[in-house]
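Structure first, commentary second.
Read-outs throughout are calculated quantities, based only on the coordinates presented, and are distinct from any laboratory measurement. The structure presented is a predicted model; accordingly, all values stated were derived computationally and were not measured. Here the Cβ is made from the backbone with ideal geometry for all residues, glycine too, and neighbour counts use every protein chain on show.
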Amino acid sequence: MSSGQPADNLVPADDEVLFLPLGGAGEIGMNLTLYGHDGAWLAVDLGITFGGDDFPDHPILMADPAFIAARRERLAGIVITHGHEDHIGALPYLWQRLRCPIYATPFTAAMIRGKLARAGLDRDPVIEVAQGERIAVGPFSVEYIAMTHSIPEPNAVLIGSAAGSVLHTGDWKLDDRPIIGRGYDHCRLHGLRAEPVLAMVCDSTNAVVPGRTGSEADLFKPLVAVGETARQRIIATAFASNVARLVTLARVAASLGRRFGVIGQAMERMVAVARVTGYWPEDLPALVDGGHLGHLPRHEVFAVCTGSQGEPNSALARMARDAHRDMLLDPGDLVIFSSRVIPGNERSVERTQQRLRNLDVGVITDQDALVHVSGHPAAEDLRRIYNWVQPPLVIPVHGTPRHLAANAQIARSSHVPEVQVVGNGDLCRLSHRGMRRLGRIASGRLSLLPDGRLIPVADDQLRSMRAKVL
Ligand SMILES: [Zn+2]
Ligand SMILES: [Zn+2]
């Protein structure tokens, strides 16, 4: 393809790999990245982002897939790295516009199938891939490389083609004691330095954090110590999809001699998926039904619930409003936020915490004790992986401009020869000669209305969102 070619006729050639992020470059959320080669396109992830407190009129946003929807006969498939909402959340809304196979590992596939079924889709477009497996998708080969993160089965994908390959890391950390799952594939990552990798497209979420990200296994002792201070109920809130965290919390409860259960639909659903996919250890004590927890003696209760982001309809927000059907909190109960606040949710979280304090309920956050670890690589983790893979080119993604700049700086100081920071809609050509920008493709975002329609969000609103993340 020549750079003068209009985007309308854009057909990837057989001697190039095209790279086109439509979401997730310059922001955290709504990931959608396209790769083009030999007449075909491949999409990696299809996620949503939450409008949060700043955009209450736009609670759910996603990348506008118009570019790829207009040429969907060339879309060979959607490759999903892992099951977080910013990677799979848009599938129920956008799959109808794309109608191609969706590739995912078994745990992620179970999450996607549940979502599509709840959205009323009666087809099953999901093809399961094992971690470590390499499959053919159109003219691409796609290899799933096991990583560690804050959900079961996170993967990097090595997108291979006759013109070279790209390592798309997805979300990751280097956790040597991940509690569940097979761990990250150090051997395979290290082996990539001997292969024709054109570029590494890499998670930047924690690039501004020095040092290394802690392990899930670091949390058990501090959580037990916090739990030992509690005389009445313990309620912990965490991201439902962090199955390793739920397992740790269940073990903390057992160690404290308390009965354990989960409250909230998302939590119950996730435990069910974890059970059928083999991620719920069989040695854990049986879960107490969420509806019964509120009626047990208070000092016996350890419950985990949704609502770590202050979502108004979550179990925790209802408890804080003294309006939960099954669990009314009393003075002296303790709530542990085993989570971080996603930027944009500060006010909702603060509101929930204040309501809890007004009920004389204790509140412990990651500011008070080691009750949360991140799922993303800090600076030293990034240095390590760059040293293993030794890519000729790094493209930081999955971060605000500040995170991308920090990751770029780390890559440069790790002797990566070329580093390129791109934004949504930047069409780039990757080759052994490096990266070249070919031009801009119209990109934007869609907002989900309460009636299910998707509407483009106006440019001025985009600018104010950008201002927020800067
Ligand atoms: Zn993500
Ligand atoms: Zn993730």
Query raised in the report: How far apart, in nm, are two points set 7 Å out from the Cα along the Cα-to-Cβ line at Ser255 and at Glu228?
Result: 1.0 nm
**Report entry** 20 Å binning of all Cα-Cα separations within the chain, expressed as whole percents from 0 upward
**Finding:** 25, 57, 18, 1
Query raised in the report: How big is the charge dipole of the chain about its Cα centre, in debye rounded to the nearest 20, if each Lys and Arg gets +1 on its Cβ and each Asp and Glu gets -1 on its Cβ?
Result: 240 debye
Report summary line: With the 8 Å Cα cutoff and a minimum separation of six or more residues, the chain has a relative contact order in percent of 18 percent
Report task. At 7 Å along the Cα-to-beta-carbon direction for both Asp366 and Ile455, put a label point, then send me their distance in nm to one decimal. Result -> 3.5 nm
Query - Selection from Val142, Cys305, Asn407, by position along the positive dipole direction of the chain (Cβ) - result: Asn407
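With charges only on Cβ, +1 for K and R and -1 for D and E, what is the dipole size of region 216-364 about its Cα centre, in debye, rounded to 20?
200 debye
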**Report entry** Restricting region 200-236 to trypsin sites (Lys or Arg not before Pro) in coil, as DSSP defines it, with at most 12 other Cβ within 10 Å
**Finding:** Arg231
Requested in this report: Name all residues of region 432-457 having a backbone nitrogen under 11 Å from the label point set 7 Å from the Cα of Ala194 along its Cα→Cβ direction, giving them as ranges.
Outcome: none
Requested in this report: With a point put 7 Å past each Cα toward its Cβ, work out how far Asp283 is from Ala405 in nm, to one decimal.
Outcome: 4.9 nm
Report summary line: With N residues in region 216-364, Rg(alpha-carbon) / (2.2 N^0.38 Å) equals 0.95
Report task. Enter the Cα centre distance for the pair region 35-77 and region 109-129, rounded to the nearest angstrom. Result -> 17 Å
